[in-house]
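Only one structure is covered here, and it is reproduced in the block below.
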Amino acid sequence: MLADIRIVMVNTTHSGNIGAAARAMKNMGLAQLTLVDPIACIDDEAIQRASRADEILHNAVIVDTLEEAIADCHWVVGTSARSRHIPWPLLTPRQCAAKAAAIAPQGNRIAVVFGRESRGLTNEELHLCHAHVHIPTDENFSSLNVAQAIQLISYEMRLAALALATPGDDATGTMDQPWGVEWDHPLASHGDVNGMMLHLEQTLLDIGFLDPNTPKQLMSRLRRLFQRAALDTTEVNILRGILATVQRQHTQGVVSDSTQAPNGDEQHDQTTA
């Protein structure tokens, strides 16, 4: 389970936090670290703070965008210290680890995303996540160092992994399957779902359902819907097939109307009808 968990740090500004995060990960048996457009570099301070977790720093993957960091992941959870305008599935660290323990045995890759030291993750970044995890700190002093947050989440992940390895534990029963049964197809990766969402958005634009001038929060709410459903690869392919058919039928209808209408007014009436 722990081998399939990726820690993702976004725009980290202090190299010491990168090193401390590596140490926290190694303490708990995690090894995958990805840095998204880091402001700080892996320098001597980072290596010193890592305290013999140097290999995690040496093997860290650096990418430009969060989409790149999670493209091949099947379940993504973002850390959030506050409520958002659009409610998103919210987990405690223990619930987050239990969900990871339920889906990791099938080979599903998991990413836990941590934001900037000063302001966390943006709404747009959080909308890329299937769920959010909130560490229930004291509301009068809720600020938590990012490396400490990584330590807490990693600890809960390790507890869940140890429970999976314990014979007779509930975690080795129905929890080892995400929906209580062995699923017939693997979960879709973030990249697959994101491609489907872009396809859906273009289709909605094509048929006039989505107004590009006033999109409001339609696509964010649809993304939340599909990510909550945890689509598998076949389901994504089915949806994309439906979208392709809708686009094809719409294009044929538009062409047919335009060839039949002798003038613009009659074409408008036929399309409206």
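The values are calculated or read from the model by the stated rules, or taken from the named source; none is laboratory data. Here the structure is a predicted model, which is why all the values come from computation and not from measurement. All Cβ positions, glycine included, derive from the backbone under ideal geometry; neighbour counts span all protein chains shown.
Is there a residue in segment 72-90 that is part of a helix (DSSP H, G or I) and of a type outside the set (Val, Ile, Thr)?
The answer is no, given that none of the residues of segment 72-90 is part of a helix (DSSP H, G or I) and of a type outside the set (Val, Ile, Thr).
Here is a list of conditions, (1) among the aliphatic types (A, V, I, L, M); (2) at pLDDT 90 or above; (3) in a helix (DSSP H, G or I), and residue 255 meets all of them except one; can you say which number that is?
If we test residue 255 against (1) among the aliphatic types (A, V, I, L, M); (2) at pLDDT 90 or above; (3) in a helix (DSSP H, G or I), just (2) comes out false.
Checking residue 242 against (1) touching a helix residue (DSSP H, G or I) at 6+ places or on another chain (Cβ under 8 Å); (2) at pLDDT 95 or above, which single condition isn't satisfied?
(1)
Would you check if there is a residue in segment 195-218 being closer than 21 Å to residue 110 by Cβ, at pLDDT below 90 and not assigned by TED's automatic domain parsing to the domain that holds residue 99?
No; the residues of segment 195-218 include none that is closer than 21 Å to residue 110 by Cβ, at pLDDT below 90 and not assigned by TED's automatic domain parsing to the domain that holds residue 99.
Do the conditions hold for residue 253, that is, is it surrounded by 12 or more Cβ atoms within 10 Å (Cβ to Cβ) and without any contact (Cβ under 8 Å) to a residue 60 or more places away in the chain?
yes
State whether the residues of segment 146-167 include one that is part of a strand (DSSP E or B), touching a residue at least 12 places away in the same chain (Cβ under 8 Å) and out of contact with any Leu (no Cβ under 8 Å at 6 or more places or on another chain).
Looking for residues that are part of a strand (DSSP E or B), touching a residue at least 12 places away in the same chain (Cβ under 8 Å) and out of contact with any Leu (no Cβ under 8 Å at 6 or more places or on another chain), one finds none in segment 146-167, hence no.
List, please: which pairs have Cβ atoms under 9 Å, are six or more places apart or on different chains, and start with a residue in segment 208-233 that is closer than 12 Å to residue 88 by Cα and end with one that is part of a helix (DSSP H, G or I) and of a type in the set (S, T, N, Q)?
220/123; 223/194
Can you pull out every residue in segment 30-46 that is hydrophobic (A, V, I, L, M, F, W, C) and touching an Asp or Glu at 6+ places or on another chain (Cβ under 6 Å)? Show your work before the answer.
Pass one, segment 30-46, residues hydrophobic (A, V, I, L, M, F, W, C): 30-31, 33, 35-36, 39-42, 46.
Hits for segment 30-46: nothing passes.
Across segment 142-177, which residue is modelled with the lowest pLDDT among those that are within 16 Å of residue 120 (Cα to Cα) and among the hydrophobic types (A, V, I, L, M, F, W, C)?
Across segment 142-177, the extreme among qualifying residues is 144.
Is it the case, given these coordinates, that residue 99 is over 18 Å from the mean Cα position of the chain (by Cα) and either within 29 Å of residue 165 (Cα to Cα) or acidic (Asp, Glu) (or both)?
No.
Do the conditions hold for residue 262, that is, is it modelled with pLDDT under 65 and not assigned by TED's automatic domain parsing to the domain that holds residue 126?
yes
Just the residues that are over 28 Å from residue 184 (Cα atoms), loosely packed, with under 14 Cβ neighbours inside 10 Å and within 19 Å of the chain's Cα centre (by Cα), please, taken from segment 204-246.
217
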